[in-house]
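Below is one structure, written out as structure tokens, with a few remarks after it.
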Amino acid sequence: MALTFQFSQLESYKFVDTGGDPEQIPIVLLHGLLGNPEGWADTVDALAAHDYRVIVPLIPIDRMPLAQANVTGIVRYVRQFTNTLELETAVLVGNSLGGQIALHYVLLYPESVVGLILSGSSGVYEMEVGKTTFRRRDRSYIRTKAEKSFYDPVHVTDELVESLYKLANDRARALRIVRIARSSITECLTDRLESIDVPTALIWGTDDQITPPDVAITFKSSMPCAELHFIERCGHAPMMERPDIFNELSLDFLQRVVGATALPAPSV
């Protein structure tokens, strides 16, 4: 794992914080429903190498209180986290559900977000990956489902399959995942995207089977300040499957959006 990828603990929050230039806007990376902070390891390294302060919270998606196991509950969790770290403004970077969380966040707290980077974001629609009953005790079936997230199935390791197997067979954790997945559908944002006017980079895999390219096109056509970049031979998680291209596009966007932007003066 990257040397910059070290977890910190503050109150109940576990997160990565690389430090970086204190005059720069911090970059907050949000993982998806079945993701984790480690999925951002290459991006953390790349951004930290350019002296950005990069922050990656571990969002306890599968351990949220049951009443908060929904998109709104996670947005509140992220807001409490940013308040705890005293982040007045940030660029939010989100993959999959993390993108939808970022979008809801900017709608609720527009003064706190200066830019967005979204990849494979939910919030419009997601493809149903198979219509058969989920066979939670079948590792080969779980592997096949997991491979839908990638262009190259080599990214679905035995370790990942075992992790998903344990999650699927833990009733309490699986219940929370199901609830949050359902709320992602009911809390869609299609009719509200035109009101999100912060600079936004959409970085999408051309072979994304979960949120296909037309989802990215919907975001681009609806959001007034969005730019769209497709990455060939790439699935639902560009930051993992094609990190060099994803990071290059992200750095270019950040340089244009926050390259010389100082933090606001503290309120008196």
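The values are calculated or read from the model by the stated rules, or taken from the named source; none is laboratory data. Bear in mind that the values here come from a model prediction, so they are computed numbers and not experimental data. Cβ sites come from the backbone with ideal geometry, for glycine too, and all protein chains shown count toward neighbours. Heavy atoms of the whole protein, side chains included, go into the accessibility calculation; ligands, DNA and RNA do not. Shrake-Rupley method; radii C 1.70, N 1.55, O 1.52, S 1.80 Å.
Miscellaneous remarks
- As a length-normalised measure over Cα pairs under 8 Å and 6 or more apart, the relative contact order of the chain settles at 21 percent.
- Once the chain from Glu194 to Leu58 is taken as fully extended at 0.36 nm per residue, the excess over their C-alpha distance is 46.0 nm.
- Extension gain for the segment Asp244 to Arg76, taken as residue separation times 0.36 nm less the Cα-Cα distance, is 57.3 nm to one decimal.
- Nearest-0.05 FRET efficiency for Lys166 and Ala49, computed from C-beta distance (R0 35 Å): 0.55
- For the pair region 171-208 and region 81-102, the centres of their Cα atoms are 14 angstrom apart.
- Averaging over all projection directions, the Cα-based convex hull of region 1-55 occupies 4.0 nm² in the image plane.
- Percent accessible area from carbon and sulfur atoms, region 36-176, protein chains only, probe 1.4 Å: 50
- For region 145-153, Karplus couplings with θ = phi - 60° (6.51, -1.76, 1.60), whole Hz, Gly/Pro x: 5, 5, 5, 5, 7, 10, 5, 10, x
- Using only alpha carbons, region 172-268 has a radius of gyration to Kirkwood radius ratio (Rg to Rh) of 1.05.
- Note on the chain: helix-only mean residue ellipticity at 222 nm, from DSSP H runs of 4+ residues weighted -39500 (n - 2.57) and normalised by residue number, equals -11500 deg cm²/dmol.
- Computing Rg/Rh (Cα atoms, Kirkwood Rh) for the structure here picks out one of (i) 0.94; (ii) 1.12; (iii) 0.97, namely (i).
- Whichever aspartates and glutamates have a C-alpha closer than 20 Å to that of Lys166, once near sequence neighbours (fewer than 8 apart) are set aside: Glu38, Asp62, Asp138, Glu147, Asp158
- Distance between the 7 Å Cα→Cβ label points at Ile185 and Glu86: 4.4 nm.
- Accessible solvent surface per residue of the chain, calculated while the other protein chains remain in place, 1.4 angstrom probe, Å²: 48
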